[in-house]
C-alpha cells in the first residue's frame, strides 16, 4: 500500500505539525506500506526510510506576519497531482494550507481515500485583521475540508470541540500524538547539568524555566519577553528558531539555545524546573507531551491544558491574550509561583504520558482509517 503524506513543511522547519508528520511517516515504513512525504522544499527532506517529494513553493508570509503559508508553483502542483494518482490513500496534515487543499481536491478527483489530521482551530492573533481572516478561513475552507475528508482525526479534544462541536456534528477519531519513550523519560540517577547549558552561569538556587517552540507571535514570545523583564530572579531558556530572536532582547536572564536535537531537548526537560509555553491557537503541542513524559511540570496557554482530559490535572493553564502581554505575563507569574508538584505526582504524570502517547498506536489508527488491511498492520 502506498501512503502519501502531505504537510506544509518537512520537520527540519521545526514546527510541531511537521514533527508529527515526520514521526508518522517513519511509523508508516513497515512491511506492506510505502511511505511518501510531499512538503515544501524550503527545508531539508528526511534522509532515509521515507520517499520525499519536495514541492517548489514560496513562503512570503512567515517573515512578515509569522504565519507560514507555502504557495506551490505550477511544477509543484503537477508533482503533487502525480503523487496523488500513484498513491492508494492520502494523509493530509491540517486543512488551511494550500498544499492540503490541493491534495484533498486531487484525491477526490482520483477517487483516493483521504485522512485529514487536524491540529489547530482558530488563532487569536494580536492583529484584529489576522483574527478576522483566520475566522473567515475556517468558515469558508476548514469546515468544507473536514466534511470532504473520508476520515477525520483530531489530535486535541479542544480543537475537536471548537471545529465540530459537542456532541460532534460529524464522525471523527481522537488520536493523540506520540512520544518516543526511549528518549523522553524521567531522569535516571543523580541530577546533572544538560550539555546545552555548558558555559552558562546559572545559580543553583535560581529557577530555570524552559520555552520550546517556533519563535513566532502565536507562541507567546511577547508574553515571555514581558515575563522575563519582570522576573530577573528566574532564568529563562529558549529552544527553537524563527524570526523573533529572544537573544536580541537584551535581557541577562534570557538564554537563546537555538534548535536542539531530541536527546538534548530531553536532557533539558530533565534538567530544568518547568516548561512554559504561553502560546495561543494550539491543539496539543508535542513539547507538552514530551515534557510530561520526562516528569517536568508545565504551564501553558489555555486551552492546551484541556486537550487531553485525562492529563488536565497535571497541566496548569493560563489565559493568554496577545494584545495584553503584560497582563498575560502576570498570570503566568502567578501560575509559576503557585506550581508545586511532588515527586510522586511527577512520576504519575510521566507514567501516564508514556502509556497514553504512543507513535505506533497513532500510526496504526491512521493507517486503519486510510484503508490498510491486516496484512499492512
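Here are the numbers:
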| quantity | calculated |
| --- | --- |
| Burial ordering of 37, 314, fewest other beta-carbon atoms within 10 Å first | 314, 37 |
| Gyration tensor (alpha-carbon) shape descriptor, the range 195-356, a/c threshold 1.5 | rounded |
| Extension reserve of the residue 355-residue 147 stretch, reckoned as 0.36 nm per residue once the Cα distance is removed | 71.7 nm |
| Identified option (computed semi-axes √(5λ) of the Cα gyration tensor in Å; candidates (i) 29, 23, 23; (ii) 34, 23, 20; (iii) 32, 28, 18) | (ii) |
| Residues 302, 290 arranged by fewest to most Cβ contacts within 10 Å | 302, 290 |
| The range 56-158 shape via C-alpha gyration tensor axes, a/c threshold 1.5 | oblate |
| Value at 222 nm in deg cm²/dmol, rounded to 500, when DSSP H runs of n ≥ 4 in the chain each add -39,500 (n - 2.57) | -10500 deg cm²/dmol |
| Net length gained if the chain between residue 34 and residue 339 were fully extended (0.36 nm per residue, minus Cα distance) | 105.2 nm |
| Prolate/oblate/rounded label for the range 304-347 (Cα gyration tensor, a/c 1.5) | oblate |
| Inter-probe distance in nm under a simple model that places probes 7 Å from Cα toward Cβ, at residue 58 and residue 193 | 4.9 |
| Rounded tilt (10° steps) of 74-86 against the dominant C-alpha axis of the chain | 70 |
| Relative packing of peptides 76-86, 95-105 - highest average C-beta neighbours within 10 Å first | 95-105, 76-86 |
| The chain - percent relative contact order, Cα under 8 Å, separation 6 or more | 16 |
| Order of 111, 128, 331, 169 under a 10 Å beta carbon neighbour criterion, fewest first | 111, 128, 169, 331 |
| The range 236-361, relative contact order in percent, only Cα pairs under 8 angstrom and at least six apart counted | 19 |
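All of the numbers you see were taken from the coordinates with simple rules; none came from a lab. Since we're looking at a predicted model, the values are computed, not measured. Cβ coordinates were reconstructed from backbone atoms using ideal geometry, including for glycine residues, and neighbour counts include every protein chain displayed.
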